[in-house]
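Everything on this sheet refers to the single structure shown next.
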Amino acid sequence: MKKFNIRKVLNGLTASSSSASPQPGTNQNDVIQETLQSEHFQLCKTVRHGFPYRPSSMAFDPVQKILAIGTQSGAVRLFGRAGVECYCQHDSGAAVIQLQFLVNEGALVSALADDSVHLWNLRQKQPAILHTLKFNRERITFCHLPFQSKWLYIGTEKGNIHIVNVESFTLSGYVIMWNKAIELSSKSHPGPVVHISDNPMDEGKILIGFECGTVVLWDLKCKKADYRYNHDEAIHSVAWHHEGKQFTCSHSDGTLTTWNVRVPAKPTITITPHGKQPKDGKKPEPCKPILKVEYKTTRDGDAFMVMSGGLSYDTGCRRSCLTVIHGKSTAILEMDYPIVDFLTLCETPYPNDFQEPYAVVVLLEKDLVVIDLGQIGYPIFENPYPLSIHESPVTCVEYFADCPPELIPALYSVGSRQNRQGYSKKEWPISGGNWGQGTLSYPEIIITGHADGSIKFWDASAIMLQVLYKLKTAKVFEKALKGGKEEKPSTEIVDEDPFAIQTLSWCPESRVLCVAGVSAHVIIYRFSKQEMTTEVVQLLEVRMQGELNDVDSPDPAGDHPPTPSTPVPPSSSSPTQEGEPPEAQPFTSDDGPRDNVPCLKVRSSPLKQSPGYQVELVIQLVWVSGEPPQQITSLAVNSSYGLVVFGNSSGLVVVDYLQMILLLNMGTSELYSPSDPYQRQPRSPRKTRQPSGALSDNSDGNNASEEKSNKSPTSAKMSRKMSSPTEQKTGLDAKDSLFSRSRSSSVTSIERESREAISSFHFSESFPRKTDSNPSPSLWVGTTQGTVLVLSLSLPPTGDQRLQQPVGVSSCGTLVRLKGGILTMAFLDSLGAVLPPSYEPWSEPNAPDEEKEARSRRPASPPPTQEGQDSQYAVVCSEKQAKVVGLPSQSCFFKHNITESSFVLRADVVQMAAGLCLACFCANGHVMTLSLPSLRPLLDVNYLPLTDMRIARTFCFSNLGQALYLTSPTEIQRITYSQETCDNLQEMMGELFTPLETPEAPNRGFFKGLFGGGAQSLDREDLFGETAAGKGSRSLAQHIPGPQGMEGMKGAASGVVGDLARARIALDERGQKLGELEDRTAAMMASADSFSKHAHDMMLKYKDKKWYQL
């Protein structure tokens, strides 16, 4: 047994695993050859999808056409064309305050809130940091890197500007001190540097903006201020006009001031774009600050001025707005979320040329919007990135790898009709990078359930993500009328998001989808390619009554006495058609208990159902004697049997959705046979009220302030008859439920509650009883107390008889018991291959009767049986251990204690390329795999030091070594535990940098070159180099080289290749320019010869003539 610290044991931060122990009678298991070994496994992150959580900054490379977004947690997300994405993370986790591309160089500079500056190499598939410079005495407030320059200007909070060589990442001795920049007569500090930019026409002059409102034009060569421009209001941003003669400032009072470079006394133009202009000539009323302004010129028309903020304080619009001023027209574009930053995309990267803007990229707090400036009305581009994961908060995630190949095209065909209209017809402008060339490609689908009741299907093949289809389950129900005349007491059991998806069960082969919501409802969907209108939504109401007669186990809270027992009607379900109330339904009044009332009302009007998933049946649990129904915690559907089963804190319900009737409504204790050694004694439940299903960072389900509280979304109790709930841990993790745990792992080993709940289901063609010789349909039920119970299913023959004859369900007692709640179950044949649940192949449900094929169950092929030998093996995994049980003998062959100090959150039997394994994710962050059937440990990696509750609730495994979890409210992180995928990951990832030729600089013209007036170049090396300026202060900033090792070698190799390509392009450019220069020189020489000849002829003609003869 592994030794471990007692403090870590109590905190649940380490896992202890004992080796798999074979049980007596395992000799017949030796025939199964296990092919998986430890070398088949390696854990690594693959790709992150979704919108960057809490964005803080943005940058764009106009040549490479790559967009970078920094976040408040130190992450950097890079986006190119659709499917080209990359995620980087600064180790410090400090907020990224600014990003600057080295345009067309394959490098990025990031400035962080901890006053560090980093240089990223983007020429490798996984970018890495090459250099870091950590400032010690001054705080960084603004950075500027001029186009085609290697000198980075860094402004600080003290008002100083330091200069860094981005090649060596060393400080220059050239420093612009704040007291030399401002006027000597100034008595106050100008504040932090909020802007730095060089004059587009003169690289030797830079514009420095201080927060107080002072702007200084600094001469780099003369080391002095040429002009100073003073304004009363604080400055937020500055924008040059491309000719370098004027610039525009945005201020905190909502004004824009335009200054002539040579007239510093006062601005030439002062406007308040959104201010009301008084008639008496007074100043307009102040407005909200204009946080940023950009001024972009066009060659053939009016300039564009784009700004954020500046609206009037008394405006009725509370949304953030982007204002686009073009000539005399002003457009105010409302945004759904606050604006973080925006960038105007232009045709040229040169600041001294006509800009020709064509789009504006707007970074919002929860969205990325790109506006087309070239079309009337400024439509937005259709975003190709999967940034809408968080459109409604994610409450449920499932992952399916190696799906049927025809499934993705089918979902895409119906989902493509859902696209909204009104987008720009132009191509997405962020189009850089290249796709990966990986060969590992198989169909993968991710399904996300959301708080608004919507379900999204995503194509996740080849480490990409694209939305396929969106289903809105809320359409099945009536919309709640607010402010109506007749206010009836609400029957909803959640205060917000009553349609939130709690768990789902999906059969990819038959395309049957079953969804459970937080309002104790289950919806069954079938997939159809044809549109149809459902006149009446089929509804089945189920009454599940709680245990109410025993007081041996008092309520720990002490505030809720037991409710008196209520007689149970003979019928526990009421199949009804919406609009016709069930018989004997009691009237619900303000002072009377609600009874036989569902939480939501199914719509009574006809439901138009588009191609895709169409509702087949709605099942609702109803209120019982004033007590709300408990939320559904586990769910399973089988298309071959035509059955759906769901369970909650004390019972289960089996429904035949083909005949639309209730088959079984039973409490947990009723599943035990009278002679069962694990039978429990009945106990009294607590009154409960469930929280909303949406996930949040701190939602642990506990709320002591409410009268009706609930320790977890699944800790409620109810049953049709007198059932006996027993011990239940607070935090039930069902196989198909992602609303699982709401307590720390230390509580696991201490807190014990005396209730039992259903935690998982599994349909199988197996041996329910020891005496069975042939496999038969069965349902296997796992509970929170580690018990596996078996139900035998008796199905009528297929065809019409299946729709007319009843399905038989009988309990067969207990199979096995483990420590901790049951998480997953699976079945293997005698050779160790997995036996998937039987299914019915998909067929069009709305096809004419003559085209419909007879329904046929597809049981797994019966394995060869020999006398005295087991032909199947059941794999059962709980929160603590795993067992392999032979069937039909029910003998335990292998047992493995997975963890002692922690507990398993998610477990699945997965198919790898080389065999089967059991994958587990523990609350302490360990990811483990065990061989099957011997349960040998193959992988144990401490992936997450501490468990985040969101990760714990959304982590799921899939086949071929894939897994994912919700790493933030807006992002999905995919990982792999397959060595083969890790080896091929570099090939599968896209490339961000591609060798491209830099656009030619604007032509200065003959006269501008001859007489001046064009852009003035500057040799910055002569000014900032060590020879001229000396070395920078060592105490001011510390240089930290990038990480060495394999990543550095890969980056260097990739950089060499890029350097060779760039050198070749540079030589081509040099040769082309030399050729052009030679042609121009020859033309000038010919012109000079011609002029000389004509002058000589003129001289000869008039040489001998007198002045009066001319």
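Worth pointing out:
- Counting the residues of region 352-408 that are small (Gly, Ala, Ser), within 30 Å of residue 63 (Cβ to Cβ) and in a strand (DSSP E or B) gives 1.
- Hits in region 165-207 - residues which are more than 15 Å from residue 225 (Cα to Cα), among the polar types (S, T, N, Q) and part of a loop (DSSP other than H, G, I, E, B): 168, 188
- Unmet criterion (only one of (1) under 42 Å from the mean Cα position of the chain (by Cα); (2) more than 29 Å from residue 307 (Cα to Cα); (3) touching a residue at least 40 places away in the same chain (Cβ under 8 Å)) for residue 250: (2)
- Put simply, of 1013, 1030, 1025 the only residue that is at positive phi, at pLDDT 75 or above, surrounded by 10 or more Cβ atoms within 10 Å (Cβ to Cβ) and not hydrophobic (A, V, I, L, M, F, W, C) is 1030.
- Residues of region 873-884 that are in a strand (DSSP E or B) and within 20 Å of residue 899 (Cα to Cα): 875, 876, 877, 878, 881, 882, 883, 884.
- Residue in region 762-776 that is under 19 Å from residue 649 (Cα atoms), in a strand (DSSP E or B), out of contact with any Ser or Thr (no Cβ under 6 Å at 6 or more places or on another chain) and modelled with pLDDT of 95 or more present: yes
Residue-wise test of (1) open to solvent by 10 Å² or more (accessible area, probe 1.4 Å); (2) closer than 26 Å to residue 961 by Cβ.
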residue: 869; (1), (2): yes, no
residue: 880; (1), (2): yes, yes
residue: 893; (1), (2): no, yes
residue: 902; (1), (2): no, yes
residue: 907; (1), (2): no, yes
residue: 911; (1), (2): yes, yes
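- Verdict on residue 610 being modelled with pLDDT of 85 or more, hydroxyl-bearing (Ser, Thr, Tyr) and open to solvent by 30 Å² or more (accessible area, probe 1.4 Å): yes
- Hey, residue 802 touching a Pro at 6+ places or on another chain (Cβ under 8 Å), open to solvent by 40 Å² or more (accessible area, probe 1.4 Å) and either of a type in the set (D, E, K, R) or assigned to a strand (DSSP E or B) (or both) or not: no
- Only one of the numbered conditions (1) assigned to a loop (DSSP other than H, G, I, E, B); (2) modelled with pLDDT under 50; (3) farther than 30 Å from residue 92 by Cα; (4) polar (S, T, N, Q) is not met by residue 14, and that is (3).
- Boolean, residue 110 is of a type in the set (S, T, N, Q), touching a residue at least 12 places away in the same chain (Cβ under 8 Å) and closer than 22 Å to residue 76 by Cβ: yes
- Within region 223-254, the set of residues being outside any strand (DSSP E or B) and closer than 11 Å to residue 213 by Cβ comprises 230, 231, 232, 233, 234, 252, 253.
- Within region 181-191, tally of residues that are over 23 Å from residue 262 (Cβ atoms) and open to solvent by 30 Å² or more (accessible area, probe 1.4 Å): 3
- Flag for residue 589 being in a strand (DSSP E or B), of a type in the set (Gly, Ala, Ser) and at pLDDT below 95: no
- Listed conditions (1) among the hydroxyl-bearing types (Ser, Thr, Tyr); (2) modelled with pLDDT under 95; (3) open to solvent by 20 Å² or more (accessible area, probe 1.4 Å) are all met by residue 385, apart from (3).
- In this entry, residue 929 passes the filter for residues that are within 22 Å of residue 833 (Cβ to Cβ), over 24 Å from the mean Cα position of the chain (by Cα), surrounded by 24 or more Cβ atoms within 10 Å (Cβ to Cβ) and polar (S, T, N, Q).
- Of the residues examined, residue 983 is one that is open to solvent by 10 Å² or more (accessible area, probe 1.4 Å) and without any contact (Cβ under 8 Å) to a residue 12 or more places away in the chain.
- Subset tally (residues that are touching a helix residue (DSSP H, G or I) at 6+ places or on another chain (Cβ under 8 Å) and open to solvent by less than 10 Å² (accessible area, probe 1.4 Å)) for region 194-217: 3
- Unmet criterion (only one of (1) farther than 22 Å from residue 498 by Cβ; (2) touching an Asp or Glu at 6+ places or on another chain (Cβ under 7 Å); (3) surrounded by fewer than 24 Cβ atoms within 10 Å (Cβ to Cβ); (4) not acidic (Asp, Glu)) for residue 662: (2)
- Residues in region 295-321 that are at pLDDT below 95, farther than 14 Å from residue 374 by Cα and either of a type in the set (A, V, I, L, M, F, W, C) or out of contact with any Asp or Glu (no Cβ under 9 Å at 6 or more places or on another chain) (or both): 8 in all.
- Hits in region 506-546 - residues which are hydroxyl-bearing (Ser, Thr, Tyr), more than 19 Å from residue 410 (Cβ to Cβ) and in a strand (DSSP E or B): 533, 534
- Breaking point among (1) surrounded by 12 or more Cβ atoms within 10 Å (Cβ to Cβ); (2) of a type in the set (A, V, I, L, M, F, W, C); (3) modelled with pLDDT under 70, for residue 1037: (3)
- Of all the listed residues (356, 406), the sole one being at positive phi, out of contact with any helix residue (DSSP H, G or I) (no Cβ under 7 Å at 6 or more places or on another chain) and of a type outside the set (Ser, Thr, Tyr) is 356.
- Residue tally, condition out of contact with any Pro (no Cβ under 7 Å at 6 or more places or on another chain) and closer than 15 Å to residue 514 by Cβ, over region 651-662: 7
- Condition met for residue 122 (among the aliphatic types (A, V, I, L, M), open to solvent by less than 50 Å² (accessible area, probe 1.4 Å) and either closer than 30 Å to residue 353 by Cβ or touching a residue at least 24 places away in the same chain (Cβ under 8 Å) (or both)): yes
- Verdict on residue 944 being within 20 Å of residue 88 (Cα to Cα), under 21 Å from the mean Cα position of the chain (by Cα) and part of a loop (DSSP other than H, G, I, E, B): yes
- Unique match (being surrounded by fewer than 21 Cβ atoms within 10 Å (Cβ to Cβ) and either of a type in the set (Ser, Thr, Tyr) or in contact (Cβ under 8 Å) with a residue 60 or more places away in the chain (or both)) among 344, 323: 323
- Residue within region 790-797 that is in a strand (DSSP E or B), out of contact with any His (no Cβ under 7 Å at 6 or more places or on another chain) and either free of Cβ contacts under 8 Å to residues at least 24 places away in the same chain or more than 29 Å from residue 959 (Cα to Cα) (or both) present: yes
The values are calculated or read from the model by the stated rules, or taken from the named source; none is laboratory data. Model, not experiment: these values are computed from the prediction. Backbone-built Cβ (ideal geometry, glycine too); neighbour counts: all protein chains shown. The accessibility values were calculated without ligands, DNA or RNA, using every heavy atom of the protein model including side chains. Shrake-Rupley method; radii C 1.70, N 1.55, O 1.52, S 1.80 Å.
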